[in-house]
Amino acid sequence: MEGAFCDMDRTSLNDSFENENFKIRLVHVNPTFTYSELKKIDDKSLCVITYTNAIRMTLVEKITPEKAETLLNSFKQSEQYKTLIFEKERNSFFLEGKATMIAVAEESTKNEWKFVNYTSSKEKMAESILGKNVMKTLGF
């Protein structure tokens, strides 16, 4: 697992939030965080955290109503977002829904808390970082 919690290159992170097609910004919400009990699994201390997350994805090029509807349907399939709105005047999408993080502290993190974002579409990635037994025991 060593290296799984390395700092991400700032340029790579920025590119995932802004490129020639769109930019994504976190929208200020007052999230309510819900924490599970602390669990000790496979020498890892873990806590599942859920909260409300909201983003605005602004497209560089104007899109047609048909394209907006296609993209909205695509976002709906992720099941991550409960509020999905195309904002025509901004040429953007407002997306809000429940988000999940898994907090982990262990030897490889020098027992400092690190956070893994979890979505069902990224389940394999979380499993590769935390281990199949951990994910199963946490209920994922």
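Checking each residue in region 96-121 for being part of a helix (DSSP H, G or I) and closer than 23 Å to Thr32 by Cβ picks out only Ser120. Selection of region 28-83 for residues being more than 30 Å from Lys136 (Cα to Cα) and touching a Leu at 6+ places or on another chain (Cβ under 6 Å) yields only Leu72. Of all the criteria given as (1) at pLDDT 90 or above; (2) loosely packed, with under 15 Cβ neighbours inside 10 Å, the one not satisfied by Ser74 is (1).
Being in contact (Cβ under 8 Å) with a residue 60 or more places away in the chain and among the hydrophobic types (A, V, I, L, M, F, W, C) is a condition met by at least one residue of region 124-132. In the set (1) touching a residue at least 60 places away in the same chain (Cβ under 8 Å); (2) open to solvent by 30 Å² or more (accessible area, probe 1.4 Å), the condition left unmet by Thr109 is number (2). Which one of Phe93, Phe75 is under 21 Å from Asn19 (Cβ atoms), assigned to a strand (DSSP E or B), among the hydrophobic types (A, V, I, L, M, F, W, C) and free of Cβ contacts under 8 Å to residues at least 60 places away in the same chain? From the options Phe93, Phe75, the qualifying one is Phe93.
The values are calculated or read from the model by the stated rules, or taken from the named source; none is laboratory data. Since this is a predicted model, take the numbers as computed values, not measurements. Every residue, glycine among them, receives a Cβ derived from its backbone with ideal geometry; neighbour counts consider all protein chains shown. Surface areas here come from the heavy atoms of the whole protein model, side chains and all, with no ligands, DNA or RNA. Shrake-Rupley method; radii C 1.70, N 1.55, O 1.52, S 1.80 Å.
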